[in-house]
Amino acid sequence: MSDRAGGWRATMAGAAALHPISRAATGFHLWPLAGLGAAEFEAAVSAARVAAGDGTGAIFSPLDMSRAGGLHARGTPPERLNTWLAGIESGVLVAMRQLDDIEAWSERAARLMEKFSGHTPPAARRCSAT
């Protein structure tokens, strides 16, 4: 297994000139080819770490798990990269919608709790927001 991981790392080192997001997609798709396992989760976690890189890449690059298109190895390398990028875009949009929902909930909770006195309502809102 260490030889396989070493081969994967060497190949990834050869892709050092690529943008971190492109390297992440490359690493993900090379993972099973290197014999490191078929578990997409491990490959996706490795890809997320590669994407974050040295801070110049995508520190937050979620793949939309409802579609998971970026996690499928189909097509040519440019097609795979486009699918990977579309998966990240979709994942970011899903995350933004969830954050909007949380913000709306927080605002509704604040309005509903305005009529309550004491320290407990604001404390409860703070606890549930974390």
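Derivation of every value follows stated rules applied to the coordinates shown; laboratory data play no part. This one's a predicted model, so the numbers in the text were calculated from it and none came from an experiment. FYI the Cβ positions are ideal-geometry reconstructions off the backbone, even for glycines, and counts take in every protein chain you see.
Structure values in brief
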read-out: Förster radius 41 Å - calculated FRET efficiency between Arg49 and Phe116 (Cβ-Cβ, nearest 0.05); value: 0.35
read-out: Length added when fully stretched, Ala86-Phe41, from 0.36 nm per residue minus Cα-Cα; value: 14.4 nm
